[in-house]
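Reviewing the structure listed below.
The values are calculated or read from the model by the stated rules, or taken from the named source; none is laboratory data. Computed from a predicted model, the values in this text were never measured in an experiment. Counting neighbours? That spans all protein chains shown, and the Cβs are built from the backbone with ideal geometry, glycine included.
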Amino acid sequence: MRSSPLSPVRRADFMDPALDPVRWESALDAAPDASVFQTLAWLRNWWACFGRGRLHLFEVEHAAGTTWAPFFVDGGMAFLVGAGESDYLDLPGAPLDAPTLAAVLGAVRDLEPGLLGFRLHHLAEDSPTLAALPEAAASLELESFREQEQLAPWRDLGADPAAAAGLLRKKSLRRALAGFEALAPLEVRHLRAPEQVEPLLGAFFAQHGARWAERGVASPLLTPPMQSFYRGMVRAIGVAGHLRFTAVRWRGADLAFHLGFAYRGRWMFYKPSFDLRHAALSPGQVLDHQVIAAALADGARVLDQGLGDEPYKSRYADRVRRVYDVGLYPRKSAHGAGLR
């Protein structure tokens, strides 16, 4: 049975006193696959660092529960807050049926008379929002299009715990560990507290920048806005208890880093770096071993390797998730193949 469309309640911004952080997190209990990218801590920090245009933040009470709808409009297009640094995006909270989703989209459009359309990034293939969009769009005389598909490999650690533990015995990982340990001991720290991680971020940024420079590309982590985002994210996500940071030292120097997250059983492989000077000994595989070990020790059910189907991910993944960017435009607009 469908719920009737309700009027979304607009909140001033992410710091609105009427916006209850506990209520936000509770709403995610009803989300079928909530991620750290839907938390208030993540979205607040993203908006503080990258927010632009006009924010339209709604709270929606409906038959299935509570849902938050964080949109912003820039250049005539509406986007979900978090677009750009979030591997997965969605409307945080209980799934919306098509009429209620249409009411939310209509509320944004009513506030933006000149709106050209919506571009919703990184909706997962199993998202109820993705499923409801064609009908919701049609009721608003919009057409919906899947404009881009990306792959996100992941490992179901809970399906076969013995096989998951066997990842640590892969020959390539053991060989990389042995290669370093034969010359000098490795020092590994798994950190969660912001005050432990913040002093390491400068070295992490520099290492990531050097790795990208080797390929002739400037690392985005060397820009002041991105560094502000990472520092704010480490504080916000760390305080919330979701931060997972691995630091590996060797011969008195930083060998590798990984910044990731653990949220509701999903261990997120987010941003790695390693010292290229030791590339011949495969420091990336040493880091992979430590990250997998940390995920298993955490009791994670899923090892999520995030967006991108880089070949190295196939060593550890046993499933692939499709993630879509979806555009909604007035009818008779040609932007690609329609959603089915």
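Run down SER282, SER273 and say which single residue is touching a residue at least 40 places away in the same chain (Cβ under 8 Å), under 20 Å from LEU173 (Cα atoms), among the polar types (S, T, N, Q) and surrounded by fewer than 20 Cβ atoms within 10 Å (Cβ to Cβ).
On the way: SER273 fails: surrounded by fewer than 20 Cβ atoms within 10 Å (Cβ to Cβ).
From the options SER282, SER273, the qualifying one is SER282.
So which of ALA247, ALA210, ALA236, ALA218 is surrounded by fewer than 17 Cβ atoms within 10 Å (Cβ to Cβ), touching a residue at least 12 places away in the same chain (Cβ under 8 Å) and of a type in the set (A, V, I, L, M, F, W, C)? If you could, list the steps in order and put the result at the bottom.
Values: ALA247 fails: surrounded by fewer than 17 Cβ atoms within 10 Å (Cβ to Cβ); ALA236 fails: surrounded by fewer than 17 Cβ atoms within 10 Å (Cβ to Cβ); ALA218 fails: touching a residue at least 12 places away in the same chain (Cβ under 8 Å).
Sole residue among the options that is surrounded by fewer than 17 Cβ atoms within 10 Å (Cβ to Cβ), touching a residue at least 12 places away in the same chain (Cβ under 8 Å) and of a type in the set (A, V, I, L, M, F, W, C): ALA210.
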Failed criterion for TRP68 (all others in (1) buried (at least 19 other Cβ atoms within 10 Å of the Cβ); (2) out of contact with any strand residue (DSSP E or B) (no Cβ under 6 Å at 6 or more places or on another chain); (3) farther than 21 Å from ARG321 by Cβ hold): (2)
Conditions (1) among the acidic types (Asp, Glu); (2) loosely packed, with under 13 Cβ neighbours inside 10 Å; (3) assigned by TED's automatic domain parsing to the domain that holds LEU276; (4) under 30 Å from HIS121 (Cβ atoms): number failed by GLU198: (2)
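Take the conditions surrounded by fewer than 20 Cβ atoms within 10 Å (Cβ to Cβ), under 21 Å from SER139 (Cβ atoms) and either assigned by TED's automatic domain parsing to the domain that holds LEU28 or touching a strand residue (DSSP E or B) at 6+ places or on another chain (Cβ under 9 Å) (or both) and apply them to PRO113. Does it pass?
Details: surrounded by fewer than 20 Cβ atoms within 10 Å (Cβ to Cβ): yes; under 21 Å from SER139 (Cβ atoms): yes; either assigned by TED's automatic domain parsing to the domain that holds LEU28 or touching a strand residue (DSSP E or B) at 6+ places or on another chain (Cβ under 9 Å) (or both): yes.
It is true that PRO113 is surrounded by fewer than 20 Cβ atoms within 10 Å (Cβ to Cβ), under 21 Å from SER139 (Cβ atoms) and either assigned by TED's automatic domain parsing to the domain that holds LEU28 or touching a strand residue (DSSP E or B) at 6+ places or on another chain (Cβ under 9 Å) (or both).
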Residue in segment 46-63 that is farther than 20 Å from ARG119 by Cα, in contact with a strand residue (DSSP E or B) (Cβ under 9 Å, 6 or more places away or on another chain) and touching a residue at least 60 places away in the same chain (Cβ under 8 Å) present: no
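If only one of TRP42, TRP68 is within 14 Å of the chain's Cα centre (by Cα) and among the hydrophobic types (A, V, I, L, M, F, W, C), which one is it? Break it down stepwise before answering.
Numbers: TRP68 fails: within 14 Å of the chain's Cα centre (by Cα).
Exactly one of TRP42, TRP68 is within 14 Å of the chain's Cα centre (by Cα) and among the hydrophobic types (A, V, I, L, M, F, W, C), namely TRP42.
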Condition met for VAL217 (within 19 Å of the chain's Cα centre (by Cα) and not assigned by TED's automatic domain parsing to the domain that holds LEU40): no
Cβ-Cβ under 6 Å pairs, at least 6 apart or on other chains, segment 93-104 side farther than 22 Å from SER26 by Cα, far side at pLDDT 95 or above and buried (at least 24 other Cβ atoms within 10 Å of the Cβ): ALA98/ALA136; ALA102/ALA136
Pair list, Cβ < 6 Å and 6+ apart or interchain, from segment 177-191 residues that are assigned to a strand (DSSP E or B) to residues that are charged (D, E, K, R): GLU187/ARG249
